[in-house]
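Here is the structure we will look at, set down as structure tokens.
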């Protein structure tokens, strides 16, 4: 029985859309513009402990599309997952929460962004693949430079 208690556990408990927003502040006038839009995409990852061994990991995307200085549309979506992670060393736990979990959540977020743009009457915005390991390592380096221990969970 003691061996079972020490067995590493990594399970997806649930994936869900936590927040979704679409704004078209300059419609319908801007829809007649013929210029190609400029698209800006910002991504963020956050994690929090729900209870012992249970973590919520959120990946947020904000897509801002402008023609000249006017917003064509703005989409913000937050996709989340709840993960059970137990009996993992702390240094590995942080990497799992910062790399593996966002990597599992992100495909759902990509689909939602593409779908909401299409449903709003625009061509789909296809979010590029993301190297969450590089993102995590850059975050850890930044935290180390600030003198913080870099705890994710």
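No lab work stands behind these numbers, since they all come straight from the coordinates. Fair warning: this is a prediction, and the values are worked out from it, not measured in the lab. Neighbour counts are summed over all protein chains in view; Cβ atoms, including those assigned to glycine, are modelled from backbone coordinates with ideal geometry.
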Exercise for the section: Using 0.36 nm per residue of separation minus the Cα-Cα distance, give me the extension gain between residue 126 and residue 146 in nm, one decimal. Expected result: 3.8 nm
Completion exercise
Rg/Rh of the stretch 9-144 (Cα atoms, Kirkwood Rh), to two decimals, equals 1.06
Problem - Three-way shape call for the stretch 25-72 based on the alpha-carbon gyration tensor, with the a/c threshold at 1.5 - result: prolate
Exercise for the section: With everything on Cα atoms, drop me the angle between helix 132-145 and the longest principal axis of the chain, reported from 0 to 90° to the nearest 10. Expected result: 70
Handout entry: Helix axis angle, 101-119 relative to the chain longest principal axis, alpha carbon, degrees
Key = 20
Practice task
Describe numerically, in nm with one decimal, the distance between label points set 7 Å from Cα along Cα→Cβ at residue 135 and at residue 111.
Solution key: 1.8
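Peptides 116-126, 59-69, 101-111, 10-20: what's the order by average Cβ count within 10 Å, highest mean first?
Taking the mean over residues of other Cβ atoms within 10 Å, the ranking is 101-111, 59-69, 116-126, 10-20.
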